[in-house]
Amino acid sequence: MNAKKKPMPTWANRNMLFNLVYKTFRMLRDEGFHQTLFAIRYVTLRRWQMRSIRKNMKMTSKKREIQQNTVFKIMPKIGVIVPLYNTPTAFLEDLVNSLKNQTYSNWQLCLADGSDNGNTYIESYCSSLAKNDTRFIYQKLDKNYGIAGNRTKAAELSDGEYICFLDHDDMLAERALFEVVKAINESHADFLYSDEIIYMGKRNMVSSLHLKPDYSPDYLRCCNYICHLTVIKQTLVEKIGLYNANYDGSEDYDFVLRATEAAETIYHIDEPIYYWRVHEQSVASDISAKPYAWDSAKRAVEAHLERVGLKGKVEYSASVPMLHVNYEIEGTPLVSIIIPSSDHREDLEKCINSILNKSTYENYEIIIIENNSKEEVTFEYYRELQHIENIQIVYWDHEFNFSAINNYGVACAKGQHYLFLNNDVEVITSDWIEQMLMFTQREDVGVAGVKLLYEDDTVQHGGIAVGVAGSAANLCQLFPRAYEGYMSRLAIVSNMSAVTAACMMVKKAAFEAVGGFDEILAVSFNDVDLCLRIREVGYLVVFNPVAELYHYESRSRGYDTKGDKRVRMEREKAILVERWQKYFTEKGDPYYNKNFGKQSVSYDSMI
């Protein structure tokens, strides 16, 4: 039997392939290898992601039947709160149908209508809904009370144990309330939020995704990443109050900040169950649609800082339309910069000169830990440094062990904050010390790290995800320096599970609380392990990309890819995995959304 011949490609497909190849070669010529690789990864992973999400959005008849027949121990009434204002007919009908299709049925839809009096369709349609189904509650307001006021009026209609908030042009996935109630039963949380899908027109026209981290207070102070779907227990609402009209445009931001301050348990539903529609007047489309929102957002964060007792100046981010908090540094505490070094004078000299010439913070000491150098030029440089008062050189004559060397450096340090720094790092940002110190001086923060760049201005370190790629991995490697990252995570402050000790500031109290670096981890993953142990005793880890440094990675030691080095690295990887099993489960790293996949090593899968 003759094999069936594959059909010849059409001219259209041939032209598409030609254009793709042409664009690739042109980008290679004009932008270089790394930018081209980044673009290829962007397109490939975006296509994979969209297919995955479309599959996730489908509700099979079997899934529907299972969810509809599920009986939870706690079956709360969920009040869905929607303010209406001149809502387009199609949007309103889509929203209502998304509630009718819910697989969890104990809900009520509370509609407060501030529309113009001439808009008779909304009143007629909603009145009909309320007449035929008691789960629909409608009130025509005597006037438009504004965004915050209309939301509050809608919330007052609910008698549910929990309430959640929708905008009048958005929808819920069919399983949304089922996932909410499932999470309530698992966690007993009084504040919950979910991932969301941004779409244009029909629900299958996915524009982007907001796959979020678990509760990240420092990220939240830069932007309202929680946003939709927000679900809150009625008793917590009674404690904090509803929306404040003084923050119209960012009234939901102010509400989320107040709710997270007071909540006993905050739970992140890492499923994209909220559908956020993009159109000409939506904030999702263009923040300039509501320019007043930025002033409200800034004031909301300022009020939040005052309530929680943090002193800082809230500014607009220099690189993205979000916020950045410069916390007030109390006094001028001594910072001990600890630098292990072995030969490679040129790298060390560049590192030291950049610290001395670029740093705006003045109260620091530099401790260079000499480890088995052999070149005379290295010792010549040490002698040159001896006349500088705040530099001392100490000697570690044993076999290389990064953890032991840094622990020894700490024993020689006088500061209240330890800044661990590789000798192949060069300072770029002048206030780099302040941008870490302002976090580690806070009572709730133990560790702070920064963005590190390769020599070609691509990202080397954008924080660390644990439980990814078999162990732990630097995020966003090879991303262009100016790229803001997924949900701006490469441009604004956020919390992480770990950061690299190539440049990492640790509060002395936190370091001592866990006994320093674990010397069993001689070379690999010791910084990750330290961060995780510090998190275990109640401190946060902060990644601040506002501060940037070059990292000429592994010039001193090389990479651990062959022979004994490879064996040692695999042994230390096994220790990390065994010690921190919870990061290798399905839920995994709380700051790295499970939907990105365990094999990904960068945020490019989140684009």
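Summary of computed values
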item: Complete set of residues in the stretch 407-439 that are in a loop (DSSP other than H, G, I, E, B) and either more than 25 Å from the chain's Cα centre (by Cα) or of a type outside the set (Asp, Glu) (or both); result: Cys412, Ala413, Lys414, Gly415, Gln416, Asn422, Asn423, Asp424, Ile428, Thr429, Ser430
item: Within the stretch 136-247, helices (runs of 4 or more DSSP H) holding 3 or more residues that are within 24 Å of the chain's Cα centre (by Cα) and at pLDDT 95 or above; result: 176-187, 217-220
item: Residue among Ala482, Ala465, Ala472 that alone is open to solvent by 10 Å² or more (accessible area, probe 1.4 Å) and not in a loop (DSSP other than H, G, I, E, B); result: Ala472
item: Hits in the stretch 322-369 - residues which are buried (at least 17 other Cβ atoms within 10 Å of the Cβ), part of a loop (DSSP other than H, G, I, E, B) and hydrophobic (A, V, I, L, M, F, W, C); result: Met322
item: Where a residue in the stretch 279-302 is at positive phi and at pLDDT 55 or above and its partner, wherever it lies, is among the acidic types (Asp, Glu) and open to solvent by less than 30 Å² (accessible area, probe 1.4 Å), with Cβ under 7 Å and at least six apart; result: none
item: Qualifying residue in the stretch 242-249 (condition: of a type in the set (A, V, I, L, M, F, W, C) and closer than 25 Å to Glu302 by Cα); result: yes
item: Among (1) touching a Lys or Arg at 6+ places or on another chain (Cβ under 6 Å); (2) surrounded by 18 or more Cβ atoms within 10 Å (Cβ to Cβ); (3) free of Cβ contacts under 8 Å to residues at least 60 places away in the same chain - the single one Ile240 does not satisfy; result: (2)
item: Identity of the residue in the stretch 485-498, within 14 Å of Arg535 (Cβ to Cβ) and in a loop (DSSP other than H, G, I, E, B), that ends up farthest from the chain's Cα centre (by Cα); result: Ser497
item: For His228: the one exception among (1) under 23 Å from Pro88 (Cα atoms); (2) in contact with a Leu (Cβ under 6 Å, 6 or more places away or on another chain); (3) not acidic (Asp, Glu); result: (2)
item: Residue under evaluation Ser115, criteria (1) open to solvent by 10 Å² or more (accessible area, probe 1.4 Å); (2) assigned to a loop (DSSP other than H, G, I, E, B), criterion not met; result: (1)
item: Breaking point among (1) in contact with a helix residue (DSSP H, G or I) (Cβ under 6 Å, 6 or more places away or on another chain); (2) open to solvent by less than 10 Å² (accessible area, probe 1.4 Å); (3) assigned to a strand (DSSP E or B), for Ala501; result: (3)
item: Members of the stretch 387-401 found to be part of a loop (DSSP other than H, G, I, E, B), under 20 Å from Gly415 (Cα atoms) and open to solvent by 100 Å² or more (accessible area, probe 1.4 Å), listed by number; result: Glu389
item: Tyr138 being in contact (Cβ under 8 Å) with a residue 24 or more places away in the chain and open to solvent by 70 Å² or more (accessible area, probe 1.4 Å); result: no
item: Selection within the stretch 450-462 - open to solvent by 10 Å² or more (accessible area, probe 1.4 Å) and without any contact (Cβ under 8 Å) to a residue 60 or more places away in the chain; result: Asp457
item: The stretch 424-455, residues that are in contact with a Pro (Cβ under 8 Å, 6 or more places away or on another chain) and of a type in the set (Gly, Ala, Ser); result: none
item: From the options Ser373, Ser319, residue that is open to solvent by 40 Å² or more (accessible area, probe 1.4 Å), among the small types (Gly, Ala, Ser), in a loop (DSSP other than H, G, I, E, B) and touching a residue at least 12 places away in the same chain (Cβ under 8 Å); result: Ser319
item: Lone qualifier among Ile232, Ile226 - being farther than 24 Å from Ala491 by Cα and open to solvent by less than 20 Å² (accessible area, probe 1.4 Å); result: Ile232
item: Within the stretch 303-342, considering residues that are hydrophobic (A, V, I, L, M, F, W, C) and in contact with a Cys (Cβ under 8 Å, 6 or more places away or on another chain), the one modelled with the lowest pLDDT; result: Met322
item: Pairs with Cβ under 6 Å, 6+ apart, first in the stretch 408-430 and in contact (Cβ under 8 Å) with a residue 60 or more places away in the chain, second part of a helix (DSSP H, G or I) and among the small types (Gly, Ala, Ser); result: Glu426/Ser354; Val427/Ser354
item: Tally, over the stretch 465-493, of residues that are in contact with a Leu (Cβ under 9 Å, 6 or more places away or on another chain) and polar (S, T, N, Q); result: 2
item: Criterion violated by Ala522 - all others in (1) crowded, with 21+ Cβ neighbours inside 10 Å; (2) touching a residue at least 60 places away in the same chain (Cβ under 8 Å); (3) among the small types (Gly, Ala, Ser) satisfied; result: (1)
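The values are calculated or read from the model by the stated rules, or taken from the named source; none is laboratory data. All values derive from a computational prediction rather than experimental measurement. All Cβ positions, glycine included, derive from the backbone under ideal geometry; neighbour counts span all protein chains shown. Accessible surface is based on the protein model in full, side chains and every heavy atom, while ligands, DNA and RNA are left aside. Shrake-Rupley method; radii C 1.70, N 1.55, O 1.52, S 1.80 Å.
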